[in-house]
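This report concerns only the one structure given below.
The values are calculated or read from the model by the stated rules, or taken from the named source; none is laboratory data. Given the structure is predicted, the values throughout are model-derived calculations rather than measurements. No Cβ is skipped: glycine too gets one built from the backbone with ideal geometry, and neighbour counts run over all protein chains shown. We work out accessible area using only protein heavy atoms, side chains counted, and drop any ligands, DNA or RNA first. Shrake-Rupley method; radii C 1.70, N 1.55, O 1.52, S 1.80 Å.
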Amino acid sequence: MSINDDIKLYLPKYLSEESTKKLLKEISDFPKNLSKSLYTSNLKNEKIIFQGDGIRDVYISNLPSSKIGQSSVIIFSNTCDIDFKNERLFPSQIFYAPIFNLNKYSLGLINKGIMTEDSLENHLVDIKKQRITQILYLPPMRI
């Protein structure tokens with residue numbers, strides 16, 4: 001079975017043959033087909049935190065280290081789960097992860113001797129193709 005055959009098992013059955021082909025092409029072209037439409041500033045004046053928002057200067061720690069710093073983060077919590085208007089029995093928690101600069105990360109791996117430039121190149125390709133499960137790659141914002 002091919003990867004497309006595997007993917008087809010999970011696609012909605014109501015898709016037309018043409019829509020299925022188009023979707024499979026988009027999946028196979030990922031991540032080269034990402035565009036600036038991935039990001040928006042249309043909601044920046046809203047008084048709510050949305051899933052997927054980037055927020056600056058949030059406190060983070062990298063356990064087990066007890067050091068606390070600040071970083072830009074991406075919000076993973078569902079918007080409705082952290083909306084203050086939703087009544088709940090106990091306060092909701094916000095789930096987020098730091099956003100880091102890929103160039104600084106790369107330099108750190110080289111400078112600390114963790115990787116050679118050759119192995120780094122393959123590692124970066126794997127990151128950009130979402131093959132590294134601990135890292136969610138966010139392409140640069142193109143304006």
Restricting to region 101-119, name every residue that is open to solvent by less than 100 Å² (accessible area, probe 1.4 Å) and not hydroxyl-bearing (Ser, Thr, Tyr). Asn101, Leu102, Gly108, Leu109, Ile110, Gly113, Met115
From the list Asn86, Asn122, which one is under 30 Å from Ile48 (Cβ atoms) and either surrounded by 14 or more Cβ atoms within 10 Å (Cβ to Cβ) or without any contact (Cβ under 8 Å) to a residue 40 or more places away in the chain (or both)? Asn86
Of the residues Ser61, Ser106, Ser71, only one is touching a strand residue (DSSP E or B) at 6+ places or on another chain (Cβ under 8 Å), touching a residue at least 12 places away in the same chain (Cβ under 8 Å) and hydroxyl-bearing (Ser, Thr, Tyr); which? Ser71
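In contact with a helix residue (DSSP H, G or I) (Cβ under 6 Å, 6 or more places away or on another chain), among the aliphatic types (A, V, I, L, M) and more than 29 Å from Ile3 (Cα to Cα): is that true of Ile99 in this structure? Give the steps one after another, and end with the answer.
Working: in contact with a helix residue (DSSP H, G or I) (Cβ under 6 Å, 6 or more places away or on another chain): no; among the aliphatic types (A, V, I, L, M): yes; more than 29 Å from Ile3 (Cα to Cα): yes.
No; evaluated as a whole, the condition is false for this residue.
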Yes/no for Pro98 being free of Cβ contacts under 8 Å to residues at least 12 places away in the same chain and open to solvent by 50 Å² or more (accessible area, probe 1.4 Å): no
Looking at Ile60, is it open to solvent by 60 Å² or more (accessible area, probe 1.4 Å) and among the β-branched types (Val, Ile, Thr)? no
Output the number of the condition that Ile55 fails; it satisfies all remaining conditions of (1) over 28 Å from Lys128 (Cα atoms); (2) touching a Ser or Thr at 6+ places or on another chain (Cβ under 8 Å); (3) not hydroxyl-bearing (Ser, Thr, Tyr). (1)
The correct count of residues that are exposed (fewer than 14 other Cβ atoms within 10 Å of the Cβ) and closer than 23 Å to Pro98 by Cβ in region 7-45 is 7
